[in-house]
Amino acid sequence: MSALLVFGGLLFLLVFGLALQCSDAAALLVPSAAEHPANCTERERMALLDFKKHITDSSNLLSSWVGQDCCSWDGVHCDNTTGNIIGLALGQQGSEDFYMPLGGEISPSLLQLQHLSYLDLSGNFFSDPNIPSFISQFKELSYLNLSNAGFYGLIPASFGNLSSLHTLDLSHNNLFISEPAHHEWLSHLTSLKHLDMSAVPFGDNSSSSSLFLTLNKLPSINEIRMSNCELEKFPLSLPHLNFSSLSILDLSFNYINFSGISWVFNIKSLQYLDLNFNVHHVTRIPRLGVQSRYIPKIQYSKISIPESLGSLCSLRTLDLSWLNISKKLVELGSIFSGCLKHSLTRLQLRYANLDGDIPDWIGDIKNLKVLDLSTNSLSGSVPLSLARLSFLEELFLVSNQLTGSLPEEIGNLAELVHLDLSHNQMCVIISAQHFTRLKKLETLAMSGNSLVFNVSSNWVPPFLLNELRIRSCSVGPEFPTWLQTQHKLEVLTMSHNRISSTVPDWLWNSTTHNLVDLDLSDNQIQGMIPEFLTFTHMENLDLSSNLFSGPLPDLHMHSPFFSYIDLSNNSFSGHIPRIIVNNTTLFPYFGISISMNKLHGRVPDWLCQVKGLEFIDISKNHLSGELPDCWLDSFTLSNINLAYNNISGSIPDSICHLRGLNSLLLSHNRLSSEFPNSLKNCSQLIVLDLGYNSFIGSIPTWIGECLSSLMVLILKWNAFANHIPQEISHLKNLQILDLSSNNLSGPIPKGLSNLTVMQMLPETTNWLPILLQNSETVFLSFRGREDAYGENRIGYVNYIDFSSNKLLENIPEELTSLYGLQSLNLSGNTLEGEIPDKLGRMKQLQSLDLSRNELSGSIPATLSNLAFLSLFNVSHNNLSGRIPSGRAK
């Protein structure tokens with residue numbers, strides 16, 4: 001998945017979480033149904049039955065809607081005196097379990113519920129995408145929640161008739177507002193107290209600018225949530241600041257530049273202010289690729305926090321994360337020295353471009369419960385003053401430049417639940433005194449520091465953790481025995497901890513109960529794993545890069561959210577046992593990596609039958625025999641890595657029944673036959689590596705049309721013969737083309753100048769998405785040597801390697817239009833003529849190897865313009881004249 005998709009997914013989860021907070025609070029407003037008359041009115045009962053008739057109810061939410069007494073039906077609330085229906089609570093947004101939303105049509109028969117004051121249809125998905133305009137006819141309606149219900153289009157202007165409405169939630173639909181007239185109806189909701197329009201885009205600048213002029217007219221407004229609304233143009237001032245009752249203001253995830261805007265910080269009634277993640281400017285640059293078409297380039301809004309913020313004496317929550325404050329944290333002390341230091345309970349300043357030491361004045365915010373200063377440039381030690389925050393429940397100092405010690409007095413923060421000091425430069429010996437009174441601690445994260453855990457073998461911690469993340473700390477050599485007391489542990493990350501003992505039996509037993517995520521990778525753990533392991537809750541299991549030996553265990557994974565197993569880089573031997581996965585939920589996709597072991601035998605047929613398998617990596621083992629021809633039912637499999645084995649035969653015909661196959665890595669085997677026609681239907685292939693095999697014949701002309709999504713094509717060290725087909729130039733997305741060490745002949749195709757991605761510079765592509773999974777790697781011959789490139793390294797790599805073939809004629813001048821090329825290797829051919837002078841225009845070149853050819857003439861002086869060139873080889877040619885001076889060497 002591309003970085004943008006990953007980023008977009010995180011953004012949605014954060015915004016959706018805020019919407020849930022709002023809906024949970026609103027749920028308290030549902031009318032009570034503790035007592036009601038023996039029956040409801042017949043007219044209203046029939047109206048509900050007509051509504052039910054038009055609804056698809058996969059989850060049987062309306063199964064109780066039978067009989068005469070509709071006041072007893074689920075979701076129906078009646079006035080306990082008159083029997084009139086006053087509430088219809090069919091929202092599912094806050095459900096913690098999986099559900100099937102209601103569908104179908106919303107029948108206007110609901111208008112028979114003339115006394116309806118509460119209507120919640122959130123979290124459903126109705127077939128009519130438009131919000132029913134008849135809702136505006138409920139004159140007594142005071143609560144309306146249509147959030148996350150799949151509605152689309154304009155909000156009915158007739159909603160302005162809902163004069164009794166005090167709560168309106170239209171968030172997280174596909175609604176939009178494109179001009180000021182589309183939100184003028186809001187000014188008529190004179191009773192409105194709570195408004196949530198998060199994720200409703202205000203696409204027109206004038207619309208977003210006038211919005212708050214409209215909201216400022218509402219006399220009773222208490223809560224405004226406008227997160228992720230594409231708000232950009234924002235009023236610098238308001239003629240009259242009327243927000244005297246406003247206590248909650250959420251403007252997070254917008255494009256607002258708060259520089260020069262002061263009125264927001266002058267609303268004295270505010271208790272909750274969230275300006276998190278406002279970006280001043282977003283540039284979307286088109287990019288070629290299969291998954292993501294745009295790359296956002298973001299500038300965060302620079303803000304000078306006005307002193308008036310310090311006089312907001314009711315403010316409890318302040319989130320200024322992702323705003324470019326660009327100051328030393330100590331310089332903000334005057335703002336937090338007034339009444340704000342007495343009211344504030346939650347302070348979030350992550351990604352705020354703050355530097356300097358953590359100042360002592362933070363310890364004066366006595367009621368602080370949450371402090372998040374993550375991902376800044378803070379330095380120095382964790383100050384002793386933080387130990388004065390006796391109510392502190394959450395402390396996040398992740399990804400700074402903190403050094404020095406951690407005061408033992410932190411162990412006196414008796415209310416602390418979450419402590420995360422990960423990814424700093426702290427050098428600390430952690431002792432039992434650091435945890436003396438931390439009885440409520442649930443999350444302890446200290447990964448990425450130089451920490452040494454110095455606790456006795458019989459230490460019994462005062463806490464029961466849910467999460468322990470201590471990657472790259474010093475815990476070993478023995479496996480910590482105190483973990484045996486942590487029977488509530490769900491996440492355990494102890495990778496790179498210098499553990500060299502065996503895993504105790506009690507850990508394997510505990511994994512059948514609570515552990516969801518277990519990472520013991522990059523240690524020197526020895527011994528064998530139990531022959532049979534059954535995991536009920538496990539989602540991620542990573543035991544890679546250890547010294548485990550013996551046979552692989554029979555694994556039975558029963559978690560509905562199982563994601564991956566990584567047992568790579570150990571010394572497991574024997575055949576590959578069957579891995580049983582029972583994942584029949586909405587998220588069935590998972591992956592398996594057992595590469596870099598000593599496994600032998602054939603590639604097992606059962607891989608073709610595992611439902612939900614998305615990637616499999618069995619590279620660098622001793623597998624032999626032919627590939628199974630059984631892939632007809634493996635529709636989810638997208639990434640296969642079987643490189644570095646002894647697999648023989650040909651690629652089976654059924655392989656391209658995998659319609660979503662993105663990556664096929666089969667290098668360093670003993671595969672033979674001609675270029676596999678079986679790949680003709682693999683139209684989604686992005687990475688194809690058949691290098692170091694014994695394929696023969698020609699590279700087919702259909703490759704340019706049938707495999708048009710290819711970004712990486714590696715066919716090196718085979719016995720392919722004849723010409724390089726011109727049709728390769730149709731592979732517009734290609735960024736790596738390696739045909740080296742074959743028997744190819746004829747001229748280099750001039751049409752290769754049409755390889756679009758190779759023409760693009762890094763600043764216009766940023767990076768190109770190669771869909772590699774976890775530990776999966778491709779070995780690339782870049783800059784004169786072969787290295788492993790995984791998902792975190794491959795990024796922007798752009799090269800052509802045609803070396804060690806029998807190519808003839810001149811180097812085509814057309815190749816010089818590939819301005820993004822970083823490496824060009826044409827060595828070991830029989831090329832003749834002069835070196836094209838225009839090669840000096842390829843300013844991204846880091847490696848140029850033209851050696852062992854029959855080139856003549858002089859070395860072009862333009863090559864001295866190649867500032868990044870670190871490898872330049874033109875030896876064993878017929879060149880003459882002076883060597884140009886410059887950076888090239």
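Bear in mind these aren't lab numbers, they're just calculated from the coordinates by the rules spelled out. All values reported here derive from a predicted model rather than from experimental measurement. Positions of Cβ are generated from backbone atoms using ideal geometry, with glycine treated the same way; all protein chains shown enter the neighbour counts.
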(message) To the nearest 20 Debye, how big is the dipole of segment 325-452 about its Cα centre, given +1 on the beta carbon of each Lys and Arg and -1 on that of each Asp and Glu?
(response) 220 debye
(request) Check each of the GluC sites (Glu not before Pro) in segment 796-876 and keep only those in coil by DSSP with at most 13 other C-beta atoms within 10 angstrom; list them in order. (result) Glu809
(message) Relative contact order of the chain, please, whole-number percent, based on alpha carbon pairs below 8 angstrom and at least 6 residues apart.
(response) 4 percent
(request) At 0.36 nm per residue, minus the direct Cα-Cα distance, what do Ser856 and Asn174 gain on full extension? Give it in nm, one decimal, please. (result) 239.1 nm
(message) Please rank Val330, Val370, fewest neighbouring Cβ atoms within 10 Å first, as an exposure proxy.
(response) Val330, Val370
(message) Are there DSSP H segments in the chain that both extend 20 Å or more along their axis (alpha-carbon positions) and score a mean Kyte-Doolittle hydropathy of at least -1.0? List them, or say none.
(response) 3-27
(request) First obtain the Kirkwood hydrodynamic radius of segment 399-539 from its Cα pairs, then insert it into the Stokes-Einstein equation at 25 °C and 0.890 mPa s, and state the resulting D in µm² per second as a whole number. (result) 158 µm²/s
(message) Once the convex hull of the alpha carbons of the chain is built, what does its volume come to per residue, in cubic angstrom?
(response) 193 Å³
(request) With both partners inside segment 602-879, how many of the DSSP beta bridges are antiparallel, as a percent to the nearest 5? (result) 10 percent
(request) Go ahead and estimate [θ] at 222 nm for the chain from helices alone: -39,500 (n - 2.57) per DSSP H run with n ≥ 4, summed, over the residue count, rounded to 500. (result) -2000 deg cm²/dmol
(request) Please report, in debye to the nearest 20, how large the charge dipole of segment 410-555 is about its Cα centre when each Lys and Arg carries +1 at its beta carbon and each Asp and Glu carries -1 there. (result) 560 debye
(request) In nm, give the distance between the simple-model label positions of Arg437 and Asn677, each being 7 Å from the Cα along the Cα-to-Cβ direction. (result) 7.9 nm
(request) For Lys193, go through the lysines and keep the ones whose alpha-carbon is under 30 Å away, minus same-chain ones fewer than eight residues off. (result) Lys139, Lys217, Lys233, Lys268, Lys341, Lys369
(message) Which order do the peptides 230-243, 76-89 come out in when sorted by mean C-beta neighbours inside 10 angstrom, highest first?
(response) 76-89, 230-243
(message) Out of all DSSP beta bridges in the chain, what portion is antiparallel? Express it as a percent rounded to 5.
(response) 10 percent
(message) If packing is taken as the average number of other Cβ atoms within 10 Å across a peptide's residues, how do 218-225, 435-442 rank, most packed first?
(response) 218-225, 435-442
(message) Across segment 602-879, what fraction of all alpha-carbon pairs, as a whole percent, falls in each successive 5 Å bin from zero upward?
(response) 1, 6, 12, 17, 19, 16, 12, 8, 5, 3, 1, 0, 0
(message) Could you work out how much longer the chain between Ile883 and Ser377 gets when fully extended? Use 0.36 nm per residue separation minus the Cα distance between them, nm to one decimal.
(response) 177.4 nm
(message) Using the Cα centre of the chain as origin and beta-carbon charges of +1 (Lys, Arg) and -1 (Asp, Glu), tell me which of His657, Trp361, Ile106 is placed farthest towards the positive end of the dipole.
(response) Trp361
(request) Please tell me the relative contact order of segment 469-578 in percent, rounded to the nearest whole number, where contacts are Cα pairs under 8 Å and at least six residues apart. (result) 21 percent
(request) Report the one residue of Cys630, Gly612, Met596 whose Cα lies farthest in the direction of the positive end of the charge dipole of segment 558-630 (charges on C-beta: Lys and Arg +1, Asp and Glu -1; origin at the Cα centre). (result) Met596
(request) Go through Ser147, Ser827, Gln735 and say which Cα lies farthest out towards the positive end of the charge dipole of the chain; charges sit on Cβ, +1 for Lys and Arg, -1 for Asp and Glu. (result) Ser827
